[in-house]
1. Based only on other Cβ atoms within 10 Å, what is the fewest-to-most ordering of B:K18, A:K42?
2. For A:K78, give me every one of the lysines with a C-alpha distance below 29 angstrom, ignoring sequence neighbours fewer than eight places off in its own chain.
3. Lys pairs in chain B, Cα-Cα under 21 Å, at least 8 apart or on separate chains: how many?
4. 7 Å from Cα along Cα→Cβ at both A:E71 and A:L7: what's the point-to-point distance in nm?
5. Viscosity 1.306 mPa s, temperature 10 °C: what is the translational diffusion coefficient of region A:43-108 from Stokes-Einstein with a Kirkwood Rh over Cα pairs, rounded to a whole number of µm²/s?
6. What's the exposure ranking of A:L20, A:L7, B:L43, going from fewest to most Cβ atoms within 10 Å?
7. Name the long-range amide H neighbours of B:R68: under 5 Å, sequence gap of 5 or more, or other chain; modelled H, no Pro or chain starts.
8. Take the Cα gyration tensor of region B:1-112, multiply each eigenvalue by 5, square-root it, and list the three semi-axes largest first, rounded to whole angstrom.
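Readers should treat all values here as calculations from the given coordinates under stated rules, not as data from a laboratory. Keep in mind the model is a prediction, meaning the values are calculated, not measured. Glycine also receives a Cβ, built like all others from the backbone with ideal geometry; neighbour counts cover every protein chain displayed.
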Amino acid sequence: AQSVTQLDSHVSVSEGTPVLLRCNYSSSYSPSLFWYVQHPNKGLQLLLKYTSAATLVKGINGFEAEFKKSETSFHLTKPSAHMSDAAEYFCVVSGFTGTASKLTFGTGTRLQVTL
Amino acid sequence: EAQVTQNPRYLITVTGKKLTVTCSQNMNHEYMSWYRQDPGLGLRQIYYSMNVEVTDKGDVPEGYKVSRKEKRNFPLILESPSPNQTSLYFCASSFGFRRGGGETGELFFGEGSRLTVL
């Protein structure tokens, strides 16, 4: 079984300040982990992914995330928020059930960026 | 351009009137999936398909049907829609993710279909 918990449903930051979106997971296997972003009225777009290579993963638009197995966490960070970062962010864990992959989505974190 | 195309993007219908939401991808992906997105619940998987003629239930399959007759298409069928199926629906595709394989499981999403059932 696997699950993912996004610890904050809403996060508000000022433009130019750091962003931290928190994600904890559980998995019976060595998981792959993803962050997706959803802008209003759009589909989800991949930000970054962890697939058992480097634990610090860099993604698009200056985002990065660190896989910490001991803490079962995969928090998303960005040093300086931009207005265009306002969106909903989903943490996703991928693992195996037999031969098929199973993706489990978190409930999402809405990021608000203020001037 | 690589993309997943869903139609219709918006639909208002009435209880019991059968409808189909189409999904097509041009990336030769084996894996396709349908999700519904509801406030506070994130995305929940309805059905998925590992390849042509291979489909399986996700977490919330009740009230839905799918078919995968061609690799590129994966329509979602609501035989008798009910108001609790009012939601935002997403189709997604990927190369899949096999143990020992090189795929990453990255999903490519359509732009969504907002369905309202009255």
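1. Details: B:K18 10, A:K42 14.
Ordered by Cβ neighbours within 10 Å, fewest first: B:K18, A:K42.
2. Of all the lysines, those that pass the test against A:K78 - Cα under 29 Å, at least 8 places apart if same chain - are A:K42, A:K49, A:K58, A:K68, A:K69, A:K102.
3. Details: B:K17/B:K65; B:K18/B:K57; B:K18/B:K65; B:K18/B:K69; B:K57/B:K65; B:K57/B:K69; B:K57/B:K71.
The number of close lysine pairs in chain B is 7.
4. It is 0.7 nm.
5. On the way: Rh = 13.3 Å.
Approximately 119 µm²/s, per Stokes-Einstein.
6. Working: A:L20 12, A:L7 15, B:L43 28.
Least to most surrounded, the residues fall as A:L20, A:L7, B:L43.
7. Residues meeting the criterion, in which the H sits 1.01 Å from N, are B:E53.
8. Details: eigenvalues 112, 40, 36 Å².
Over the Cα atoms of region B:1-112, the ellipsoid semi-axes are 24, 14, 13 Å.
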